[in-house]
Amino acid sequence: MKVDIISIFPDYFAPLDLSLIGKARTTGTLNLSVHDLRTWTHDVHRTVDDSPYGGGPGMVMRPEPWGQALDAVGSPGATLVVPSPVGKPFTQAGAHELAGLDHLVFACGRYEGIDQRVIDEAADRMPVREVSLGDYVLFGGEVAVIVILEAITRLLPGVLGNADSLTEESHAAGLLEAPVYTKPVSWRDREVPDVLRSGDHGRIARWRRDQSMLRTLTRRPDMWADYPPENLDKKDRKALLEAGFQIPPGRVAE
Ligand code: JEK
C-alpha cells in the first residue's frame, strides 16, 4: 500500500520508523512518504494560514498550498483521508475498508482546519473521507493520522505474525474481550483466576464469555444495545442473571 502524509509538522511522524509500522515499511508492505506542506508555498514566510471569512477565533489553512500538494502527491487511484473534529467516526470497519485500497493520501490540518474548498474540490476528482477519532478536540490531524495508519497497517497481509489473531478478532466482534493474564501465577497477593489454569477448555470458554458480556454491559452499554439478542443463548442468560443483571424480555433468545 502506498501512503502519503501532508503536514506542516513532518517531524510528528518520526515514530512511524519504529516497531511494526517501521518493519512494514522496510519489508515493502507499506510505502510511506511524509511531505511538508510548506514545500508548496511560494512567499518568503511560507504562509499556510489566514484569518477566517465571517470572523471568529483562530486561523484557517489557505487552499493554494493544499491544492498544489494534492496535485503533486495524488494518483488516479488515490483516496484522500482528512481527519477532522466534524468527520464521520473512524471505526474498525473503516480501517478494513482503507486497508483494501492501493493509495491513501492523508491531509493533516492545523489551526481551525482547512479551507472547505480544498476538500470539496478534491471530492470532484477522488474519493474523500473526513473522519474523526472521537468526541474530543485535538490540536491537529497528525496524531489522528498515526492512529488511523496503525489501525490500517496491522490489517495488511503479512504484518501480524500470528495469522490467527485477526480471525479471532472477527469472532469476538460485538463484545469487549475478557481480561488476560500471564506468569507469575501470584503477584502482589493477586492470583490468576484458577479457571484459566484448569486446562478445562469448556470452562475457560464459558468464563471468558461471561467476562465479555459483563464488561460490555457495564462499560459499553452502547455496544450491548447493538449486540444481536439471537447471539445470546440460554447459558449466557443464566450467567447474566446470576451476576445480578435483569435482562428485559426479548433481549435474550430463548
Ligand atoms: C484535525 C485542526 C484543531 C480545533 C474548532 C471544533 C467544536 C470548535 C479544529 N477527534 C478529533 N478531535 N479533533 C480532531 C482534529 C482537530 C483538528 C484538525 C482533526 C485540524 N484541528 C481544531 C478546534 C476546532 N472546534 C470542535 C468546537 C477545529 C480530531 C480528529 N480526527
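Conditions: (1) in a helix (DSSP H, G or I); (2) assigned by the TED database to the domain that holds Gln68; (3) buried (at least 16 other Cβ atoms within 10 Å of the Cβ). Leu155 meets all but one. Number of the miss?
With respect to (1) in a helix (DSSP H, G or I); (2) assigned by the TED database to the domain that holds Gln68; (3) buried (at least 16 other Cβ atoms within 10 Å of the Cβ), Leu155 is out only on (1).
Return the total of residues in region 212-230 being surrounded by fewer than 17 Cβ atoms within 10 Å (Cβ to Cβ), touching a residue at least 40 places away in the same chain (Cβ under 8 Å) and part of a helix (DSSP H, G or I).
Selection size over region 212-230: 3.
Out of all the residues in region 65-107, which are in a loop (DSSP other than H, G, I, E, B) and closer than 30 Å to Ala173 by Cα?
Passing the criteria: Phe90, Thr91, Gly100, Leu101, Asp102.
Identify, please: which residue in region 107-128 is closer than 23 Å to Leu32 by Cα and of a type in the set (Lys, Arg) and is, among those, farthest from the chain's Cα centre (by Cα)?
Arg125
Within region 2-37, work out how many residues are in a loop (DSSP other than H, G, I, E, B) and either surrounded by fewer than 20 Cβ atoms within 10 Å (Cβ to Cβ) or polar (S, T, N, Q) (or both).
4
In the set Pro63, Pro89, which member is on the phi < 0 side of the Ramachandran plot and in contact with a Leu (Cβ under 9 Å, 6 or more places away or on another chain)?
After applying the criteria, what remains is Pro89.
Is it true that Gly109 is in the same structural domain as Ile8 (by the TED database), on the phi > 0 side of the Ramachandran plot and within 16 Å of the ligand (Cβ to nearest atom)?
Considered against the rule, which asks whether it is in the same structural domain as Ile8 (by the TED database), on the phi > 0 side of the Ramachandran plot and within 16 Å of the ligand (Cβ to nearest atom), Gly109 comes out as no.
Answer yes if at least one residue in region 53-61 is of a type outside the set (A, V, I, L, M) and either surrounded by 13 or more Cβ atoms within 10 Å (Cβ to Cβ) or more than 16 Å from the ligand (Cβ to nearest atom) (or both), and no otherwise.
From region 53-61, those of a type outside the set (A, V, I, L, M) are 53-58; that's our starting set.
If we keep only those that are either surrounded by 13 or more Cβ atoms within 10 Å (Cβ to Cβ) or more than 16 Å from the ligand (Cβ to nearest atom) (or both) as well, we get none.
No, because not a single residue in region 53-61 is of a type outside the set (A, V, I, L, M) and either surrounded by 13 or more Cβ atoms within 10 Å (Cβ to Cβ) or more than 16 Å from the ligand (Cβ to nearest atom) (or both).
What are the residue pairs meeting all of these: first residue in region 107-125, first residue without any contact (Cβ under 8 Å) to a residue 60 or more places away in the chain, second residue within 16 Å of the ligand (Cβ to nearest atom) and in a loop (DSSP other than H, G, I, E, B), Cβ atoms under 7 Å, and 6 or more apart or on different chains?
These pairs meet every condition: Gly109/Gly140; Gly109/Gly141; Asp115/Arg62.
Tell me, please, whether a residue that is within 15 Å of the ligand (Cβ to nearest atom), within 14 Å of the chain's Cα centre (by Cα), free of Cβ contacts under 8 Å to residues at least 60 places away in the same chain and under 23 Å from Pro10 (Cβ atoms) can be found in region 91-106.
Yes, region 91-106 has at least one match.
With the requirement that a residue be in a helix (DSSP H, G or I) and without any contact (Cβ under 8 Å) to a residue 12 or more places away in the chain, what does region 200-211 give you?
In the first step, residues of region 200-211 are kept if they are in a helix (DSSP H, G or I); the result is 201-211.
His201, Gly202, Arg203, Ile204, Ala205, listed by residue number.
Report, by residue number, each residue of region 132-161 that is near the ligand (Cβ under 6 Å from one of its atoms) and touching a residue at least 40 places away in the same chain (Cβ under 8 Å).
At the first step, the residues of region 132-161 found to be near the ligand (Cβ under 6 Å from one of its atoms) are 132-134, 136-141, 144.
Correct list: Ser132, Leu133, Gly134, Val137, Leu138, Gly140, Gly141, Ala144.
Please enumerate the residues belonging to region 38-50 that are assigned to a loop (DSSP other than H, G, I, E, B) and surrounded by 13 or more Cβ atoms within 10 Å (Cβ to Cβ).
Thr41, Arg46, Thr47, Val48
The values are calculated or read from the model by the stated rules, or taken from the named source; none is laboratory data. None of the values given here were measured: they were computed from a predicted structure. Here the Cβ is made from the backbone with ideal geometry for all residues, glycine too, and neighbour counts use every protein chain on show.
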